[in-house]
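Undergrad: I'd like to ask you about the structure that follows.
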Amino acid sequence: MSTSPDKLQEEQFLDTGVAAASKPRAARPLWHNRDFLLLISGQTVSSVGSQVSLVAFPLLILALTNSPAQTGLMTAIRGLPFALFCLPAGALIDRWDRKRVMIICDIGRAIALGSIPLALALGHLTFLQLYAVSLVEGTLFVFFNLAETACLPHVVLKEQLPSAVAQNEVLYSISSVVGPALGPILYGIGRSIPFLVDGISYAVSAFSLFFIRTKFQEERDAEPRKLWTEIGEGMAWLWHNPLVRFIAVLTFGLITPCSGYVLIIIILAKDLHASNIVTGLIFAGGGIGSVVGALLVVPLQKRFSFGQLMIGTAWLWVVGWILYAFAFSPWVLLVANLVGFVVVPVYMMVQFSYRLALIPDRLQGRVNSVFRLIAFGSQPIGLALTGVLLQVMSPAAAVLVLSIPQIMLAIAVTLNSHVRNAPPITELA
């Protein structure tokens, strides 16, 4: 899951490969937009591959080391580049050719993942290589993801952003159900197969990007300044936009307490004497809920204002989280997980599409990187806090304690005038 602020300021979206002086594009259905179809089809294939290796990677490390601690450390390394490179990556994405960055990142990730089956075939797979693959893939993900976020407003029109984001989320949610299911199956057939599949999926994504004609950024006239000066400009823009600043804090407060939900579900399922198959079904319920939520985004955005959706989804997020505390059987836990995940893509996509329409193009990478660092950079803290709470109290009690900051922020968003009075996305300058 992921996030950003203010979008196209004065400029309208440009026609394929045309400079800012050209006339604006005529609206056309998304499914008739060749470049949009190329973009989401490549990313869907890549997303399925990533989900496959996401499950297979810890399986491989566990088989090689028989150490959960080593597995956790090696897996966590993939998230390290986010904290280290998110801010400079955002500034560089606003300087560089975004399409070229995405293609290079995809090719790099294909080579990194492809090195694992090659090393397995030669019998020379080492821990150092696995650490290196995690680090390389995590670093390239940071650059690719920020470039992808910034390019979407150039591929579709501003008024189509909510629909484009929602359709992308539907496909991602489906991949989050299909990929984890395929991962163990492919790994059972052969250890190298999941990583070969993921490597090929990155190659497919890079191939699709070659055929997109739309330019992924406006012309850059000014000479680039010092990197930290440009990063500071992104920070300053976010800080001086009260709506985006509040959404960043709200997203931080909703997500951080839930970061350890996997651990809570595992312990709850164990306490409820759920089998491994039933536990798997409980997690699959979350994926199904995400698909349902993604399908609801566009109809809800047509019926309700941005402010109404932000307030409503914040409260539903809190209620969905608290449901875990009252799961008295594995099947109730499955339903709670399904219901709880319905609201997640709705909240994420509503605020994401609104922010995309708000951020000036020249600041897309920088503001998005600052926003994401605030909103998602605290997840390790949430995981650690969850572990400490589960050490001293029951999972149900831990859920209720973790819901306190969420309730406080749900009250805050209800009272926030910038949220309540936010104009429709079509009226943003």
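The values are calculated or read from the model by the stated rules, or taken from the named source; none is laboratory data. This one's a predicted model, so the numbers in the text were calculated from it and none came from an experiment. Quick reminder, even Gly has a Cβ in these numbers, built from the backbone with ideal geometry, and neighbours come from all protein chains shown. When the accessible area is computed, the model is the full protein with side chains, heavy atoms only, and any ligands, DNA or RNA have been set aside. Shrake-Rupley method; radii C 1.70, N 1.55, O 1.52, S 1.80 Å.
Undergrad: Which of the residues that make up the range 241-297 are farther than 23 Å from ALA375 by Cα, outside any helix (DSSP H, G or I) and not hydroxyl-bearing (Ser, Thr, Tyr)?
TA: Across the range 241-297, the qualifying residues are LEU272, HIS273, ALA274.
For every residue, the table says whether it meets (1) touching a strand residue (DSSP E or B) at 6+ places or on another chain (Cβ under 6 Å); (2) over 17 Å from LEU323 (Cβ atoms); (3) at pLDDT 95 or above; (4) not hydrophobic (A, V, I, L, M, F, W, C).
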position: SER378; (1), (2), (3), (4): no, yes, no, yes
position: LEU389; (1), (2), (3), (4): no, yes, no, no
position: VAL392; (1), (2), (3), (4): no, yes, no, no
position: ALA396; (1), (2), (3), (4): no, no, no, no
position: ILE411; (1), (2), (3), (4): no, yes, yes, no
position: ALA422; (1), (2), (3), (4): no, yes, no, no
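Undergrad: Let me ask another. Among all residue pairs at least 6 apart or on different chains, which show Cβ distances below 7 Å where the first residue, located in the range 328-349, is of a type in the set (S, T, N, Q) and the second is surrounded by fewer than 23 Cβ atoms within 10 Å (Cβ to Cβ) and not in a helix (DSSP H, G or I)?
TA: SER329/LEU272
Undergrad: Check off (1) under 23 Å from the mean Cα position of the chain (by Cα); (2) without any contact (Cβ under 8 Å) to a residue 60 or more places away in the chain for LEU323 and give me the number that stays unchecked.
TA: LEU323 satisfies all of (1) under 23 Å from the mean Cα position of the chain (by Cα); (2) without any contact (Cβ under 8 Å) to a residue 60 or more places away in the chain except (1).
Undergrad: I'm trying to understand the selection: among the residues of the range 371-429, which are among the small types (Gly, Ala, Ser), closer than 20 Å to ILE311 by Cα, part of a helix (DSSP H, G or I) and touching a residue at least 40 places away in the same chain (Cβ under 8 Å)?
TA: Filtering the range 371-429 for residues among the small types (Gly, Ala, Ser) gives 375, 377-378, 382, 384, 387, 394, 396-398, 403, 410, 412, 417, 422, 429.
Next, only the ones that are closer than 20 Å to ILE311 by Cα stay: 375, 403, 410, 412, 417, 422.
Filter once more, keeping what is part of a helix (DSSP H, G or I): 375, 403, 410, 412, 417.
Passing the criteria: ALA375, SER403, ALA410, ALA412.
Undergrad: So for the range 357-364 (the condition being under 19 Å from the mean Cα position of the chain (by Cα), in contact (Cβ under 8 Å) with a residue 40 or more places away in the chain and in a loop (DSSP other than H, G, I, E, B)), does at least one residue qualify?
TA: There is at least one residue in the range 357-364 that is under 19 Å from the mean Cα position of the chain (by Cα), in contact (Cβ under 8 Å) with a residue 40 or more places away in the chain and in a loop (DSSP other than H, G, I, E, B).
Undergrad: Among residues belonging to the range 137-161 that are charged (D, E, K, R) and either in contact with a Leu (Cβ under 9 Å, 6 or more places away or on another chain) or open to solvent by less than 10 Å² (accessible area, probe 1.4 Å) (or both), point out the one that is farthest from LEU356 (Cα to Cα).
TA: Applying the filter and picking the extreme gives GLU137.
Undergrad: Hey, does the range 397-408 have a residue that's open to solvent by less than 10 Å² (accessible area, probe 1.4 Å), more than 22 Å from TRP239 (Cα to Cα), within 16 Å of the chain's Cα centre (by Cα) and not hydroxyl-bearing (Ser, Thr, Tyr)?
TA: no
Undergrad: If you don't mind, there's one more thing I want to ask. Quick check, is SER173 modelled with pLDDT of 90 or more and open to solvent by less than 10 Å² (accessible area, probe 1.4 Å)?
TA: Answer is no for this residue.
Undergrad: Considering each of ARG366, ARG355 in turn, give the residue that is within 18 Å of GLN308 (Cβ to Cβ) and of a type in the set (Lys, Arg).
TA: Details: ARG366 fails: within 18 Å of GLN308 (Cβ to Cβ).
Every option except ARG355 fails the conditions.
Undergrad: Taking ILE61, is it of a type in the set (Val, Ile, Thr), modelled with pLDDT under 80, open to solvent by less than 40 Å² (accessible area, probe 1.4 Å) and under 29 Å from ARG372 (Cβ atoms)?
TA: yes
Undergrad: Is the range 269-280 home to any residue that is hydroxyl-bearing (Ser, Thr, Tyr), in contact with a Leu (Cβ under 7 Å, 6 or more places away or on another chain) and either touching a residue at least 24 places away in the same chain (Cβ under 8 Å) or surrounded by fewer than 19 Cβ atoms within 10 Å (Cβ to Cβ) (or both)?
TA: no
Undergrad: For the range 374-386, which positions are open to solvent by 60 Å² or more (accessible area, probe 1.4 Å) and closer than 26 Å to ILE359 by Cβ?
TA: Listed by number, the residues that qualify are ILE374, GLN379.
Undergrad: Taking the range 111-136 on its own, how many of its residues are open to solvent by 20 Å² or more (accessible area, probe 1.4 Å) and either touching an Asp or Glu at 6+ places or on another chain (Cβ under 9 Å) or of a type in the set (Lys, Arg) (or both)?
TA: Of the residues in that region, 1 qualify.
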